[in-house]
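The next block holds one structure in the form of structure tokens; read it before the comments.
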Amino acid sequence: MCPPCAKQYEVIDGILIMKAEFNGPNAAAAGFYDGPLWQKFKFWERVFFWFQGGERRGRNQYMKHLPIKPGEMLGVSAIGAGNDLNFVPETCPVVGVDISVIQLKECLKRFPKRDLTLVLGEAERFPMPDRSVDHSLSAGGFNFFNEPIQSLREMVRITRPGGTIVVSDEMPETGAKAQQKPMAKKWVEKTFGDDFSKVVFDRGTLPLNDVFSAAFSNWKMHSLWRGSGYCAVATVMEADHEALKRPAPTVAGSPS
């Protein structure tokens, strides 16, 4: 059951199916991560982390900002295969949402002993009651959510006041700069397919500071990966929950 709307959803192979069909960037991302080309991309992801001193060191650059303690509950938007769970105490219950059923199955397989609730759905609608998790995390997908501001408001809604929200991804300008190079775009399309190309090139530049300020009243931006990534860290305030009673602010250049 989804607590906010009291609607019943089917559970298949341990995954709650909240939504199985998507549109916009979410649909393109689902097509890529559920398709065969994802395995090819993983090689380049390993190369990227190699330049950061290894995957653990690279991920720790944002995970060190999540002050989660044993037993605390974590909500994860775009949990994927659960790579960041290696930084979370095993006693912490985790609720994760993702648009890829393949990635969610991999997450279940990798962490069979964890208290995991995995949901096929979108970050813009998180199936948890208000103030029900201690902290929230989104790493590696935020730039390409259909509605980034709405996804932040959902993280605020489910996180208790005093909890921490960590959002990390590559700098949005990376795709925009690559789009200006026809040969780079052509190589990406040929190597990773149309879905990945849509995710990377068709999004534009997300105005990060304005987007985060639209949802958080107390937050700070950190630079990652020698300037190629970012990490926004927010402390959830009562004022942030009060702001949810009002319509989401409009930010120029943002999809939401």
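Here's the yes/no breakdown for (1) of a type in the set (Ser, Thr, Tyr); (2) farther than 22 Å from Leu108 by Cβ; (3) at pLDDT below 90; (4) assigned to a helix (DSSP H, G or I):
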{"residue": "Cys5", "(1), (2), (3), (4)": "no, yes, yes, no"}
{"residue": "Glu21", "(1), (2), (3), (4)": "no, no, no, no"}
{"residue": "Asn26", "(1), (2), (3), (4)": "no, no, yes, yes"}
{"residue": "Phe32", "(1), (2), (3), (4)": "no, no, yes, yes"}
{"residue": "Gly35", "(1), (2), (3), (4)": "no, no, yes, no"}
{"residue": "Trp38", "(1), (2), (3), (4)": "no, no, yes, yes"}
{"residue": "Lys42", "(1), (2), (3), (4)": "no, no, yes, yes"}
{"residue": "Val47", "(1), (2), (3), (4)": "no, yes, yes, yes"}
One residue from Leu66, Leu104 being of a type in the set (A, V, I, L, M), farther than 17 Å from Val166 by Cα and surrounded by 17 or more Cβ atoms within 10 Å (Cβ to Cβ): Leu104
Looking for whichever is among the basic types (Lys, Arg), part of a strand (DSSP E or B) and touching a residue at least 60 places away in the same chain (Cβ under 8 Å) here; the options are Arg160, Arg131. Which one fits? Arg160
The range 45-78: number of residues that are in contact with a helix residue (DSSP H, G or I) (Cβ under 6 Å, 6 or more places away or on another chain) and among the hydrophobic types (A, V, I, L, M, F, W, C): 2
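Would you point out the residue of the range 106-128, among those that are of a type in the set (A, V, I, L, M) and in a loop (DSSP other than H, G, I, E, B), that is nearest to Cys92 (Cα to Cα)? So that I can check it myself, show each step before the final result.
The initial filter retains those residues of the range 106-128 that are of a type in the set (A, V, I, L, M), namely 108, 116, 118-120, 123, 128.
Cutting the leftovers down to in a loop (DSSP other than H, G, I, E, B) gives us 123, 128.
Numbers: Ala123: 20, Met128: 16 Å.
Among residues in the range 106-128 that are of a type in the set (A, V, I, L, M) and in a loop (DSSP other than H, G, I, E, B), the one nearest to Cys92 (Cα to Cα) is Met128.
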Unique match (being within 17 Å of the chain's Cα centre (by Cα) and aromatic (Phe, Trp, Tyr)) among Phe43, Phe49, Phe22: Phe22
Select from the range 101-123 the residues that are farther than 16 Å from Gly35 by Cα and in contact with a Gly (Cβ under 9 Å, 6 or more places away or on another chain) and list them in ascending order. Cys107, Leu108, Arg110, Phe111, Arg114, Leu116, Thr117, Leu118, Val119, Ala123
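Show me the helices (runs of 4 or more DSSP H) entirely contained within the range 167-256 in which 3 or more residues are surrounded by 12 or more Cβ atoms within 10 Å (Cβ to Cβ) and either of a type in the set (Asp, Glu) or modelled with pLDDT under 75 (or both).
Fully inside the range 167-256 and qualifying: 173-179, 182-201.
Determine whether Arg131 is surrounded by fewer than 24 Cβ atoms within 10 Å (Cβ to Cβ) and closer than 25 Å to Ser213 by Cβ.
Values: surrounded by fewer than 24 Cβ atoms within 10 Å (Cβ to Cβ): yes; closer than 25 Å to Ser213 by Cβ: yes.
Spelling it out, Arg131 is indeed surrounded by fewer than 24 Cβ atoms within 10 Å (Cβ to Cβ) and closer than 25 Å to Ser213 by Cβ.
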For the range 84-101, check the following and say yes or no: at least one residue is crowded, with 24+ Cβ neighbours inside 10 Å, charged (D, E, K, R) and not in a helix (DSSP H, G or I). yes
Tell me yes or no: at least one residue of the range 42-59 is closer than 21 Å to Met155 by Cα, of a type outside the set (Ser, Thr, Tyr) and surrounded by 16 or more Cβ atoms within 10 Å (Cβ to Cβ). yes
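The values are calculated or read from the model by the stated rules, or taken from the named source; none is laboratory data. Predicted model, so just to flag it, every value in this text is computed and none were measured. When we count neighbours, we look across all protein chains shown, and the Cβ atoms used for this are built from the backbone with ideal geometry, even at glycine.
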